[in-house]
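**Student:** Input: one structure, supplied below.
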Amino acid sequence: MYHLYILECSDKTLYTGIAVDVSRRVEEHNNSQKGAKYTASRRPVRLVFSKEFANRSEVLKEECRVKKLPRCKKLDMIGNAIIG
């Protein structure tokens, strides 16, 4: 299973990514060099949204769509979802 996830950074910006293991990926963003360049200077980050997808193709399409959304739409998406 693949997951689309959104992180809230310490500066209140949002970061969107995909992962197979979301908890491991959040740990990498917070504590290792394997995290994204964007999040490295904005630690700590916290998981605010996660959605499961059956295959990589679907999650990549959704990631592309979400990254194009304005912040207010991402916040709506986060507010209307349950992490999991």
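Coordinate-derived values only; no laboratory data. Computed from a prediction, not measured in an experiment: that's the story for all the values here. Backbone-built Cβ (ideal geometry, glycine too); neighbour counts: all protein chains shown.
**Student:** Hand me the tally of lysine pairs in the chain: alpha carbons under 20 angstrom apart, and the pair either on different chains or 8 or more positions apart.
**Tutor:** 14
**Student:** Using the Karplus equation 6.51 cos²θ - 1.76 cosθ + 1.60 (θ = phi - 60°), what ³J(HN,Hα) coupling, rounded to whole Hz, does each residue of region 33-44 give in order, writing x for Gly and Pro?
**Tutor:** 6, 7, x, 5, 4, 4, 7, 4, 9, 10, 6, x
**Student:** Just need the Rg to Rh number for region 2-79, please, alpha carbons only, Kirkwood Rh. It would help to have the intermediate numbers written out before the result.
**Tutor:** On the way: Rg = 11.8 Å, Rh = 12.6 Å.
That ratio equals 0.94.
**Student:** Also: Which far-off residues, 5 or more places away or on another chain, put their amide H under 5 Å from the one on PHE53, with H placed in the peptide plane?
**Tutor:** Result for PHE53 returns TYR2, HIS3, LEU4.
**Student:** For SER10 and ALA54, what does the FRET efficiency come to when R0 = 25 Å and r is the distance between their Cβ atoms, rounded to the nearest 0.05? All intermediate terms of the calculation are to be shown ahead of the outcome.
**Tutor:** Numbers: r = 33 Å, r/R0 = 1.31.
Calculated transfer efficiency: 0.15.
**Student:** For the chain, what is the relative contact order in percent, using Cα pairs closer than 8 Å and at least 6 residues apart in sequence? Numbers along the way, then the final one.
**Tutor:** Values: 128 pairs, mean separation 29.7, N = 84.
That works out to 35 percent.
**Student:** Assigning unit charges at the beta carbon (Lys, Arg +1; Asp, Glu -1) and nothing else, what dipole magnitude in debye, to the nearest 20, does region 33-81 show about its Cα centre? Walk me through the numbers on the way to the answer.
**Tutor:** Values: 14 positive and 5 negative charges, 66 e Å.
Its charge dipole is roughly 320 debye.
**Student:** Looking at the chain, identify the longest residue range that excludes and avoids all trypsin sites (Lys or Arg not before Pro) in DSSP loops having at most 11 other Cβ atoms within 10 Å.
**Tutor:** Values: sites that count: LYS12, LYS34, LYS68.
Looking at the chain, 35-67 is the longest stretch - no exposed trypsin sites (Lys or Arg not before Pro) with at most 11 other Cβ atoms within 10 Å.
**Student:** Taking the Cα centre of the chain as the origin, how large is its charge dipole in debye, to the nearest 20, when only Lys and Arg (+1) and Asp and Glu (-1) carry charge on their Cβ atoms? Mind dumping the intermediate values first?
**Tutor:** Numbers: 17 positive and 10 negative charges, 66 e Å.
Charge dipole, the chain, about its Cα centre: 320 debye, nearest 20.
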